[in-house]
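The values are calculated or read from the model by the stated rules, or taken from the named source; none is laboratory data. Quick caveat, the model's predicted, so the values are computed rather than measured. Positions of Cβ are generated from backbone atoms using ideal geometry, with glycine treated the same way; all protein chains shown enter the neighbour counts.
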Amino acid sequence: MIEGEGAVNIIQQKTAVAPVVEVRDQNNLPVAGAVVRFTIAGGKQAAFAGGSQTITVTTNAAGRAAAAALNPLGNGAVQIQVQATFQGQTAAATIAQTNVMTAAQSGQAATTAASGSGGGGGIGGGTIAGIAGGVAAAGAAVVLTQKGDEGDDPLRRTIDPAAQAASGSYVLQTVNGAGLPAVTVASPPATCQVVTDNATLTLTADNAGQNYEVIENSRTECRIGPSSSFRSASNGTWTISGSTITFMATSANYTLDAATLNGVTLTMTVQPPHIDAGLTAPRVNTTWRK
C-alpha cells in the first residue's frame, strides 16, 4: 500500500506517515531510477531529517520512493509537493496531511479527512506516480495522479491513526530493571540460567491488518551440561486502546502481556520460554524503546 495522502501525524509522539510514491510505465510496470523530489510547502509545519524542507529520492527496483524521517512540528494542515522526473519529463502532485498534538485528537482529524472531498481518501491513503505514454525517442511522459476514494480499491482500509503512531520496531532495554544482557530465568531452580542478549518487537499497521513479531536472542549458562545460544519468537495480532496495547498470539514461544505505551516506550511483563521440559518460566518486567 502506498502511504501518505490524508495521513494524521501526532506531534507529541514525534511520529508521521512518510510519503511514498510509486512510478510506473505505460505497461503498468515499476520504473527504477526516476528522481522524485519531496518539498514541504509553506511555513514550518514539518521537516525532513536535519530540519530540511526538501528531500530527493531515486525510485528503487519496485518503482517506489519514500520521503523518510518526516517530523511533524506544528498543528494544522501539511502539504507536501511531489515532483517526479524521468527521461527529461516532469510532473507534479501534492500530498495533504494533518498534524495534531495528541493521539486523542487524531480520531477527530481522521474523521474530518475521511469526510472531505473525494480527491484524496482517508488515513494512510496513497499517491501514485505513473509513467504514462510511450517510452520512445521523445522520452516518457511522467504523470502523477491521486488515488481515488476508498470505493476505488476494495482492498483498501482505514487504518487507526493511533495504531499508525504506535507502529515501528521496539528494542528491549531492561529486564526487571537491569540492562542487557540480563537474566530472565535464574538457576536454581532451573538447571540452566537463561540470559537474554537482545530482543526486538515489531508492530505493523497496514492494509494487511495489525500484526506483531517479537524475536529474542538468548543463551544458557548451565551448572550441568553444555551451554548454548538460542532464538525465541512469537507473532500474532495487536490492538491499541488509549495507551494500552493488547497482543493476541498465533505462536507463543515468547508470551507478551498487555503493554503500556508512553511516547516511544513500551512497558510490559513477558514470559520467556523455559528450557527445562515441563517447567514454566517466571514472568519478567521489561521496557522497550522505539
Any residue in the stretch 61-83 that's in the same structural domain as Q45 (by TED's automatic domain parsing) and closer than 19 Å to K14 by Cβ: show its pairings with residues that are loosely packed, with under 15 Cβ neighbours inside 10 Å and of a type in the set (K, R) at Cβ separation under 9 Å, as long as the two are six or more apart or on different chains. N71/K14; P72/K14; L73/K44; G74/K44
Please state which one of T15, T39, T59 is closer than 28 Å to T265 by Cβ and crowded, with 18+ Cβ neighbours inside 10 Å. T15
Check every one of the strands (runs of 3 or more DSSP E) wholly within the stretch 172-288 and list those with 3 or more residues that are under 30 Å from E3 (Cα atoms). 192-206, 209-222, 229-241, 244-252, 259-262, 265-271
Checking A138, A109, A186, A178 in turn, the sole residue that is over 29 Å from A18 (Cβ atoms) and at pLDDT below 75 turns out to be A138
